Structure formats: C-alpha cells, structure tokens
Amino acid sequence: MIPFAKISALLFAAAAATACGGFSDDERRIINGGEGEIMRVLTTADRDDSLTLRRISAPLDEKAVASDDFAVLRRRMLATVRNPLNEGVGIAAPQVGISRRLIAVQRFDKAGEPFEFYINPEILSVSGEAEEGPEGCLSVDGVRGSVARPRRIELRYRTERFVDTTETVEGFTAVIFQHETDHLDGVLFIDRMERAEN
Ligand code: ZN
C-alpha cells in the first residue's frame, strides 16, 4: 500500500508536469472558452487588454505544440484573423489573450497566399534599406500609420512538427513577420510609427 503522503506527492508531480509541459488552466479556459470559432481580440482601448498586450510571451515546448489545446488554439486563431468583419494578414497569440510565442502570417510570397503558423519565431538578422509602409493592427482600433522596416529578414522558428528551421523572407511578408514577432515582446506598431495616416 502506498502511504497517502506519497500518493499526494505523486499527484502533485503529475499536476506540475502538466502545467510546465502544456498550457495552464487559465490558458485552457481562454483557448476552449467563448462561443463559436472566432476569439475575442484584445485591444489597446481596454486597460486590462493593454497590460496583456504589453507582456513578454513565453515559448512553447514540444508537448504543448502536440496537445489538443494547441490544435484548438491554432484553428481558432486562424478563424479570428480571417474573420470577414475584422480581417488581418497576421495574428499573434497574445492578441487573443495567450501570452505564448506563436504567430500566424499570411505568406504573400507563396502560391495561394496561405496562412502559416510559426512557433517561437526569432528574427536573427535584418538586411536591406528600411522602407516605409502603411500598417494597422487588429489590436489597435482606428489607427493606421507609416512604419519603416527592413524588407529582408533571416528568421528562425519551430514548425508545427517542432522542427528547428531558418528561412530568409523578403518583401511585405517580411514586414508581417516583424510586426507579429514584435507582439511577442509586447511591442506594437504604434511604438515604431513615423506618422499616423488620416
Ligand atoms: Zn498587430
């Protein structure tokens, strides 16, 4: 017979393993909560949302990426960025209240312009002249403005199969990667904006 103290220690160990391997209970509530597929997009107009948008997001590990919760989050983030009423070309997990290093980017440099997901993305280097271009954000209502960004980046990330990958991306798609990766460090395009557009 296993003493009670030992059982509770084992249960505690199991719970701790779940918490550090997968998503937390709070994250699971957001991922699986609400009605329908489209998630609520956090905006700077709300104080609590703003604080979440300004947080540094945590990396995802292989166990979290293999979980059912990840599959649901991925599916719902895609539905959210493709919402015809509030459409975007990219979205980052913190924008739906999940402070994790996960982004979706529309690949305008690929045939069919698909949305693809990137885990723990980092921009290793940038090159080329910074060019100004108009940007907006699902989390910043009613503001568009000009941001100068390099048009060529060296990117490192994990694929959805958690394969460590590096890739060079150019053009407008490179701009989207920079915008979305910024979100993971609590940076918004308005921080980098040269001037607002009327
Ligand atoms: Zn944004």
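Of the candidates Ser139, Ser125, Ser50, which one comes out as most mobile in a Gaussian network treatment of the chain with C-alpha springs shorter than 10 Å? Looking only at Ser139, Ser125, Ser50, the largest GNM fluctuation is found for Ser125. Over the residues of the chain, the helix contribution to mean residue ellipticity at 222 nm works out to -10000 deg cm²/dmol, using -39500 (n - 2.57) for each DSSP H run of at least 4.
Helices that extend 15 Å or more along their long axis by alpha-carbon positions and average at least -0.5 on the Kyte-Doolittle scale are, among the DSSP H runs of the chain, 4-21, 68-81, 172-184. Among the trypsin sites (Lys or Arg not before Pro) in the stretch 100-138, those located in a DSSP loop and surrounded by at most 15 other Cβ atoms within 10 Å of their own Cβ are Lys110. Taking every C-alpha pair closer than 8 Å and separated by at least 6 residues, the mean separation divided by the residue count of the chain gives a relative contact order of 20 percent. Residue order for Thr166, Thr80, Thr44, Thr159, fewest other beta carbons within 10 angstrom first, comes to Thr166, Thr159, Thr44, Thr80.
Applying a DSSP loop filter and a limit of 15 other Cβ atoms within 10 Å to the chymotrypsin sites (Phe, Trp or Tyr not before Pro) in the stretch 80-126 leaves Phe108. Among Ile38, Ile176, sorting on how many other beta-carbon atoms sit within 10 Å of each Cβ, with the fewest leading, yields Ile38, Ile176. Here Glu194, Glu135, Glu167 are placed in order of increasing Cβ neighbour count within 10 Å, fewest first, which gives Glu194, Glu167, Glu135.
Bear in mind these aren't lab numbers, they're just calculated from the coordinates by the rules spelled out. Quick caveat: nothing in here was measured; it's all calculated off a predicted structure. Positions of Cβ are generated from backbone atoms using ideal geometry, with glycine treated the same way; all protein chains shown enter the neighbour counts.
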